[in-house]
Amino acid sequence: NYPEAIKYYQTALNVYTEIGNKTGVASANSGIGLVSAEQGNYPAAIQNYLAALKICEEMGDKSGMATVYNNMGNIYRSQNNYSEALKYYHAALKIRKESGGKAGIATAYVNIGTIYQRQRNYSEALKYFLASLKISEEIADKRTLSITYAYIGTNYNEEGNYTEALKNFLVSQNIAEE
């Protein structure tokens, strides 16, 4: 129930603003942004994400900044604005690398790979997918492993390499079923 979710986030935003809880304000703005994006209301999502980003920057909350950058990238990817999506995904990747959060790095690599895949730059996409795969294997992140193998399968399928595509799809499926 999106309208109700926004109502509750807006209430939380008002309370956090009133008591001066910047972390709460940023979180509520991000929540409104997420729900707005799910509804396809991208202007409202961007507005709320930018408000959250500003607060995260003021507080030096690098993790929050990386999350907002990733979410902004998702919005631009949904709108097929690949140059903007890449800009935000690379910003998220930079912060994740600085902080050493391997799961976030793996996710950023996958997201960047998806943009190159949509642009039919399969060799560049594969580089990012393989980088994500390496990290996801190191940290035993099965969810990201499964997702990444599926994207690699799609990559090979788009290139007409059906044997490699099937192999990667099956690996993805096996991991997902574990």
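Summary table below
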| item | result |
| --- | --- |
| Set Lys54/Lys97; Lys54/Lys94; Lys54/Lys142; Lys134/Lys167; Lys7/Lys62 screened for pairs whose C-alpha atoms are more than 23 Å apart | Lys54/Lys142; Lys7/Lys62 |
| For the chain, accessible area per residue (1.4 Å probe, heavy atoms of protein chains only), Å² | 53 |
| Nearest-ten-degree value, helix 22-38 long axis tilted from longest Cα axis of the chain | 50 |
| Calculated FRET value between Glu137 and Asn1, using beta carbons and R₀ = 25 Å, to 0.05 | 0.05 |
| Within-15-Å neighbourhood charge of Tyr122 [Cβ basis; K, R +1; D, E -1] | -1 |
| Label point distance in nm, Thr11-Glu84, each placed 7 Å from Cα along Cα→Cβ | 3.2 |
| Surrounding net charge for Ala108, when Lys and Arg each add one and Asp and Glu each subtract one, Cβ distance under 11 Å | +4 |
| Carbon and sulfur %, accessible surface of the range 128-178 computed with the full protein complex present, 1.4 Å | 53 |
| Sorted peptide list for 149-160, 131-142, criterion being average Cβ within 10 angstrom, highest first | 149-160, 131-142 |
| Accessible area of the range 1-87 belonging to carbon and sulfur atoms, whole % at 1.4 Å probe | 51 |
| Crossing angle, helix 2-19 versus the chain [Cα axis fit, 0-90 degrees, rounded to tens] | 50 |
| The chain: angle of helix 122-138 to the longest principal axis, Cα-based, in degrees nearest 10 | 80 |
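The values are calculated or read from the model by the stated rules, or taken from the named source; none is laboratory data. Remember, predicted model here, so these are calculated numbers, not experimental data. So basically every Cβ, Gly included, is an ideal-geometry build from the backbone, and we count neighbours across all protein chains shown. Remember, those area values only see protein heavy atoms, side chains included, never the ligands or the DNA or RNA. Shrake-Rupley method; radii C 1.70, N 1.55, O 1.52, S 1.80 Å.
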